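Some notes on the structure that comes next.
The values are calculated or read from the model by the stated rules, or taken from the named source; none is laboratory data. Keep in mind that this is a model prediction, so the values were computed, not measured. We place every Cβ from the backbone using ideal geometry, glycine too, and count neighbours over all the protein chains shown. Just so you know, the surface numbers come from the protein's heavy atoms only, side chains and all, with ligands and any DNA or RNA stripped out. Shrake-Rupley method; radii C 1.70, N 1.55, O 1.52, S 1.80 Å.
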Amino acid sequence: MSKNQEKYNLNQQIYENSDKSIRIFKTRKYASIKYIAVKVYEKRKLRNKYSYEYDLIHSIKNEGIVNILSSSEDHTYYYMEMEYYATGDLSRCLWQNKKNLYLERAIKTIGCQLLSGLQALHKNGIIHCYLKPSNIVIDEYGNVKICDFKKSLKISKMTRS
């Protein structure tokens, strides 16, 4: 067992991509009570994608973008520690609430927070390219944050018309 795998209990998987090269776990660091999400990247397949996503997220400090708490690696994997959202993502919330209509006030709040996050990305020359309800996480207070920047593009110079 690697040093990083000893740091976490990676038993509760909450996401896995189609080729199983990226997995996300709900866990706690040992000797801590706060839950975190650990995104695990397989090195041999995703060396460049990990660095790219890490650098993009790390470069933006905005309440509308998910935060990276720390990162580490071992011989086989990269580990990105991120905030954990017990409520889950927007797609789960929409599915669970499919029979009830959201209140107009809640929809406005979600829309405004989402636009604030997108504005922060665009000010930094970043285009998300894969924005969908499952890439928008919601905390226990109803605040939304954008996540999953693997397919995002960094534009060196944005022009206005």
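Would you calculate a helix-derived [θ] at 222 nm for the chain, using -39,500 (n - 2.57) for each DSSP H run of n ≥ 4 and dividing by the full residue count, to the nearest 500?
Dividing the helical sum by the residues of the chain leaves -9500 deg cm²/dmol.
Which trypsin sites (Lys or Arg not before Pro) does segment 59-154 hold that lie in a coil by DSSP with at most 13 other beta carbons within 10 Å?
Counting only loop positions with at most 13 other Cβ atoms within 10 Å, the trypsin sites (Lys or Arg not before Pro) in segment 59-154 are Lys61, Lys98, Lys99.
As I understand it, the dipole of segment 1-93 uses +1 on the Cβ of Lys and Arg and -1 on the Cβ of Asp and Glu, about the Cα centre. Which of Met82, Asn62, Ser72 lies farthest toward its positive end?
About the Cα centre, the residue reaching furthest to the positive side is Ser72.
Top mean-square fluctuation among Ser32, Ser116, Ser70, Gaussian network model of the chain, C-alpha springs under 10 Å?
Ser32
Stokes-Einstein D for the chain at 25 °C, 0.890 mPa s, Kirkwood Rh over Cα pairs, in µm²/s?
In µm²/s, the coefficient is 146.
With +1 on the Cβ of every Lys and Arg and -1 on the Cβ of every Asp and Glu, and nothing else charged, how large is the dipole of the chain about its Cα centre, in debye rounded to the nearest 20?
Result for the chain is approximately 320 debye, rounded to the nearest 20.
In the neighborhood of Tyr52, defined by Cβ-to-Cβ distances under 9 Å, what is the net charge if each Lys or Arg adds +1 and each Asp or Glu adds -1?
Value of the local net charge: +1.
Listed here are the pairs Lys20/Lys123; Lys34/Lys145; Lys7/Lys61; Lys43/Lys132; which of them are more than 23 Å apart at the Cα?
Lys20/Lys123; Lys7/Lys61; Lys43/Lys132
Using 0.36 nm per residue of separation minus the Cα-Cα distance, give me the extension gain between Lys123 and Glu83 in nm, one decimal.
Using 0.36 nm per residue and subtracting the Cα-Cα distance, I get 12.1 nm.
Give me the 1.4 Å probe accessible area per residue for segment 1-85, excluding ligands and nucleic acids, in Å².
59 Å²
Taking 0.36 nm per residue of separation and subtracting the Cα-Cα distance, what length does fully extending Ser32 through Asp19 add?
1.5 nm
Net charge around Glu81, counting only other residues with Cβ within less than 13 Å of its Cβ (Lys, Arg = +1; Asp, Glu = -1)?
So the environment of Glu81 carries a net charge of +4.
In the Gaussian network model of the chain, springs joining C-alpha atoms below 10 Å, which of Ala106, Ala120, Ala86 carries the largest mean-square fluctuation?
Ala106
Two-decimal Rg/Rh of segment 101-142 from alpha-carbon positions, Kirkwood Rh?
Result: Rg/Rh = 1.01.
Carbon and sulfur: what percent of segment 7-78's accessible surface (1.4 Å probe)?
47 percent
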